[in-house]
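One structure is given here, and the rest of the page talks about it.
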Amino acid sequence: MATKYIFVTGGVVSSVGKGITTASIGRLLKSRGISVVVQKLDPYLNVDPGTMSPYQHGEVFVTADGAETDLDLGHYERFLDQDLSRSSSVSSGQIYQAVIQRERRGDYLGRTIQPIPHVTNEIKERIRGMGRESGADVVIVEVGGTVGDIESQPFLEAIRQMRKEEGRDDTLAIHVTLLPYISTTAELKTKPTQHSVRELRSVGIQPDVIACRSDIPISDEIRDKISLFCDVEPQAVIPLMTMPSIYQVPLVLEEAGLGDFITDRLNIASASKDLDEWKAWVERLLNPQHSLEIAVVGKYVELPDAYLSVKEALIHAGVQNDSGVHIHWVHSEEVAKTKSEVLLANMDGIIVPGGFGERGFEGKVDATRYARLNNVPYLGLCLGLQAMVVEFARDHFGTEDVNSTELAPETAYPVITLLDEQQRVVDKGGTMRLGSYPCRLEPGTITREAYGANETSERHRHRYEFNNEFREEFARAGLIASGTSPDGGLVEICEIRNHPFMIGTQFHPELRSRPGRPHPLFDGFVRAALERKARSRKKSSTAADRPSRRKASASSRSRAPH
Ligand code: GLN
C-alpha cells in the first residue's frame, strides 16, 4: 500500500485542540490495526524550541533520540503509545537551515533559491522522508499555527502540491476550527469557520473534514450549515465539544464517525476497531475512588503547559492507583517568601520539576527540605534532584554556602557541577545531554523496588550533574545514588534513606509515562502519597476517636427525637 497522508490545519484561533485532535486521529487509526506516525510542522524560525522560554512555548518535549521538540509530540506519543523520532518535529528554522547550507555548498548550481520550489521541496521531502523512514501506513502531519499566518504559507503550499502529486485517494485534509459561543443570543457562530475555510481554499486546499471545537453541543442545523457553506459532506463536519479530559477526545471522534470516514475516504482496509481498553481506562480516570493533593513547585506555574508531561504522568499514575490527582501549582518564589509549612501543609506529595537558572531555586530547596523533614513523598525531576542534593548537603555541612555551580559558581560546596562533556560547549541550541541513556538501578533501594527491574533507559535534558566527590560521604549520611550510568560514572537517581519516598532523577521520567503504562517512579510516588494519606487519616481518626466518644453520644442524643 502506498503511504497515505493526513494533513491537519487549524483555523480561527490557536489552542483549539489541534494537537489533541491529531493525536486522537492517530489513536483511532491505530486502534484499527493501521500503523501510523505523526509529524509536526512548526512555522517559527527557531531550529527547535529548545532555546525558547517556557513562557513562549510551554514544555520542551525530548524524544528518545534526543531532539528537543514541541509539546504536541508528547500528546502524540501518549495517545499512540509509541516513541517518535526527531523526524517528527520540523520547523521553518530547520528547513531554511538545510536549504541555505545546500546553497552555500553550491548544490543549486547557480540557480536563484526561492520559497517555491526550493523551500517547498525541502518540506515535501521531510514529509515523505517520514513516511519512508517509519514505514507507516499513514503519516499524520499537523501544521502549527493558524491558517492565514504569513509564516505558515510555505507549509500550506507544500501540502497543496503534495495533495496533487499523491492523488486524492492518498491524502486527506482536516481543518480544526472553533465555533464561538455568544452568550447574549445563546448560539454558536459559524462565520469564523467559514472565513477560515475560505482562507484555506485561497491557498488551494479544500478541506475534506472540518472538526469544530465548541463549548456547547452542536445542533444538526449548524452542522448542515457548515457542510453547505464549506462544501464538505455533512458527516465530515465533526463536533468536538470541550470534554472534562483530553483522553475522551478519541472516543468523541470515534462516536462522531471520524475513524470510519477516514478509512473509507483513504480506502484503507482496517481490522476491527478496538478502543475498549482505552474506554475502560478513561472510565477509571473519570471515576476515581481516591483523591490526592499534590504540589508541583516550579517557577513557571502561571503557565502549567510548561510542565505538561508532569501533569499527564500524574494523571496516568493516578488512574493506575484508582485516584484522582489534584495538582496545586505552587510558585517557587512564593515558597521562598512564605513558609513551606503554610504553602505545603495538607499536601500528600510534592514534586519539584525541571528548570534552569537561579530564579525560584531557593523556594525549590525549601520545598525539598519540607518534604524531607515531614516524610512527605517527594519526586524531584532534573533540577528537582539537584535541589534535593543541595538541601541535603546544606543540612549535612551546616552551612548555606552549598549550591550548584550553575547558580553559584563560587560556592564553597559545589555539590552539582557541569558535566565534563559540557566544559567546552559554547552554542546553546541542541547541545545539552539529550535523549535516552541507560541507567543501572541499585539493589535494595526504593527506586529499584519501584522499577521492578535492574536497569532502565531514560530521557535527559541537562548540563549539570551530581558531583562525585561527595558521593561516598553523602551515602554514609543517608543520601544514596540509587541509579547510575552503567559504568557507574554518573549519578542518575538519588534517594534519601529512612524516608518513605524521596527520590530525585537527573532525567525526565515524565516523558515516558503513558495511559495504562504509568512511569514506575510516578506510580511509586502516587502509591506512597496514598499510603501517607491513609496513615494520616487513620491517625487523625484514632486521635479523634477518643475525645469524640462524648461528642458522638451527644450527637446521637440530638438525633434521638427524629
Ligand atoms: N539546569 C539544570 C541542568 O542543566 C537542570 C536542567 C533541567 O531541569 N532540565 O543540569
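No lab work stands behind these numbers, since they all come straight from the coordinates. The shown structure was predicted, so the numbers you read here are calculated from the model rather than taken from an experiment. Neighbour counts are summed over all protein chains in view; Cβ atoms, including those assigned to glycine, are modelled from backbone coordinates with ideal geometry.
For the range 437-494, what class follows from the C-alpha gyration tensor (a ≥ b ≥ c being the square roots of its eigenvalues): rounded when a/c is under 1.5, otherwise prolate if a/b is larger than b/c, else oblate?
On the way: a/c = 2.02, a/b = 1.11, b/c = 1.83.
Verdict is oblate for the range 437-494.
Take residue 427, project a point 7 Å from its Cα along the Cβ direction, then tell me which residues of the range 58-81 have their backbone nitrogen under 17 Å from it.
66-69
For the range 293-400, what is the percent of antiparallel DSSP beta bridges, rounded to the nearest 5? Kindly include the intermediate steps, with their values, before the conclusion.
Numbers: 0 of 12 bridges.
Just about 0 percent of them are antiparallel.
For the range 394-469, just say rounded, prolate or oblate: build the C-alpha gyration tensor, square-root its eigenvalues into a ≥ b ≥ c, call rounded for a/c under 1.5, and beyond that prolate if a/b exceeds b/c, oblate if not.
Numbers: a/c = 3.14, a/b = 1.20, b/c = 2.62.
Note, shape of the range 394-469 comes out oblate.
How far is helix 220-230 tilted off the main Cα axis of the chain, in degrees rounded to 10, range 0 to 90?
Once rounded, one gets 50 degrees.
Against the longest principal axis of the chain, how steep is helix 361-373, in degrees 0 to 90 to the nearest 10, with axes from Cα atoms?
Roughly 50 degrees between the two axes.
Tell me the relative contact order for the range 157-295 as a rounded percent, counting alpha carbon contacts under 8 Å between residues six or more apart. Each step should come with its number before you reach the end.
Values: 155 pairs, mean separation 27.7, N = 139.
Once normalised by length, the contact order is 20 percent.
List the pair-distance distribution P(r) of the range 186-259, using every Cα-Cα distance, as the percent of pairs falling in each 5 Å bin from 0 up to the bin containing the longest distance, rounded to whole percents.
Spelled out bin by bin, the range 186-259 gives 3, 16, 26, 25, 18, 10, 2, 0 percent.
Pairing the Cα long axis of helix 191-202 with the longest principal axis of the chain, what angle in degrees results, from 0 to 90 and rounded to the nearest 10?
That works out to roughly 60 degrees.
Calculate I(q)/I(0) for the range 280-431 by the Debye formula, one identical point scatterer on each C-alpha and no solvent, and give its log10 at q = 0.08, 0.09, 0.19, 0.21 Å⁻¹ to two decimals.
Log10 of I(q)/I(0), two decimals: -0.26, -0.33, -1.14, -1.30.
With no solvent and one point on each alpha carbon, what is the Debye value of log10 I(q)/I(0) for the range 1-79 at q = 0.14, 0.15, 0.24 Å⁻¹?
Each listed q maps to, in turn, -0.53, -0.60, -1.30.
Per q in 0.06, 0.12, 0.13 Å⁻¹, report the Debye log10 I(q)/I(0) for the chain, using one uniform scatterer on each alpha carbon and no solvent.
Evaluating at q = 0.06, 0.12, 0.13 Å⁻¹ gives log10 I(q)/I(0) of -0.35, -1.17, -1.29.
Rounded to the nearest 500, what is the chain's calculated 222 nm mean residue ellipticity when only DSSP H runs of at least 4 contribute -39500 (n - 2.57) each, over all residues?
That calculation yields -12000 deg cm²/dmol at 222 nm.
Would you work out if the range 22-160 is rounded, prolate or oblate? Take a ≥ b ≥ c from the square roots of the eigenvalues of the alpha-carbon gyration tensor; rounded if a/c is under 1.5, else prolate when a/b is larger than b/c, oblate otherwise. Can you show the working numbers first?
On the way: a/c = 1.85, a/b = 1.46, b/c = 1.26.
Here the range 22-160 falls in the prolate category.
DSSP beta bridges in the range 155-257, what fraction antiparallel, as a percent rounded to 5? Present the calculation step by step, with values, prior to reporting the outcome.
On the way: 2 of 12 bridges.
Bridges in the range 155-257 that DSSP calls antiparallel: roughly 15 percent.
Alpha carbon centre of the range 314-379 versus the range 69-141: separation in Å?
Result: 39 Å between the Cα centres.
Once the other residues with Cβ under 14 Å from the Cβ of residue 215 are scored (Lys, Arg +1; Asp, Glu -1), what is the net sum?
Its environment carries a net charge of +1.
Could you compute the net charge surrounding residue 297? Neighbours are other residues with a C-beta less than 12 Å from the C-beta of residue 297; K and R count +1, D and E count -1.
Numbers: positive: 299, 364, 369; negative: 333, 334, 362, 366.
Charge balance in the 12 Å sphere: -1.
Can you find, among 250, 52, 98, the residue sitting farthest towards the positive end of the charge dipole of the chain, where Lys and Arg contribute +1 and Asp and Glu -1 at Cβ?
Comparing the listed Cα positions along the dipole, 250 ranks first.
About its Cα centre, how strong a charge dipole does the chain have in debye, to the nearest 20, once Lys and Arg get +1 and Asp and Glu get -1 at the Cβ? Walk me through the numbers before you get to the answer.
On the way: 67 positive and 77 negative charges, 326 e Å.
In debye, rounded to 20, the chain gives about 1560.
Quick check on the chain: of the DSSP beta bridges with both residues there, what percent are antiparallel, nearest 5%?
Working: 26 of 78 bridges.
Around 35 percent antiparallel, to the nearest 5.
Tally Lys/Arg at +1 and Asp/Glu at -1 over every other residue whose Cβ is under 10 Å from the Cβ of residue 7; what's the total? Walk me through the numbers before you get to the answer.
Numbers: positive: 160, 163; negative: 142, 208.
Here the count lands on 0.
In the P(r) worked out for the range 401-527, what percent of Cα pairs fall beyond 26 Å?
Details: 1877 of 8001 pairs.
Considering the range 401-527, 23 percent of its Cα-Cα pairs are separated by more than 26 Å.
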